[in-house]
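J.: Structure incoming, see below.
The values are calculated or read from the model by the stated rules, or taken from the named source; none is laboratory data. A quick note: this is a predicted structure, and the numbers were derived from the prediction, not measured. Cβ placement follows ideal geometry from the backbone for every residue including glycine, while neighbour counts extend to all protein chains displayed. The area values use the complete protein model at the heavy-atom level, side chains included, leaving out ligands, DNA and RNA. Shrake-Rupley method; radii C 1.70, N 1.55, O 1.52, S 1.80 Å.
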Amino acid sequence: MSSHIDSKQIENEGLRQVWSVHDFALRHRLDEQEEKRLLSLFGSYATKQELLANAQRPCVFR
């Protein structure tokens with residue numbers, strides 16, 4: 001069964017927010033190398049969804 005999806009509702013959910021890659025790296029405690037990788041992929045700005053999908057942070061074990 002299919003249903004109608006209102007495109008205006010999807011666009012206002014928050015994933016379409018544009019963030020600075022530098023601010024994202026600071027907020028999510030990414031190292032300089034990962035920040036440079038994201039900058040080379042997207043430039044200075046990217047959507048929240050793109051950054052969350054492409055950010056890689058190594059596991060920290062105790």
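J.: Keeping every protein chain present and rolling a 1.4 Å probe, give me the accessible area per residue for the chain in Å². Kindly include the intermediate steps, with their values, before the conclusion.
T.: Details: 5580 Å² over 62 residues.
Roughly 90 Å² per residue, with all protein chains present.
J.: How high is the relative contact order of the chain? Use alpha-carbon pairs under 8 Å, at least six apart in sequence, and give a whole percent.
T.: Values: 39 pairs, mean separation 24.2, N = 62.
This gives 39 percent for the chain.
J.: Something else now. When the dipole is taken about the Cα centre of the chain, and only Lys, Arg (+1) and Asp, Glu (-1) are charged at their Cβ, what size is it in debye, to the nearest 20?
T.: On the way: 9 positive and 9 negative charges, 40 e Å.
That gives the chain a dipole magnitude of about 200 debye.
J.: A further question follows. Here are several values of Kirkwood radius over Cα pairs in Å: (1) 12.3; (2) 13.2; (3) 16.4. Which one was derived from the coordinates shown?
T.: Of the listed options (1) 12.3; (2) 13.2; (3) 16.4, (2) comes from this structure.
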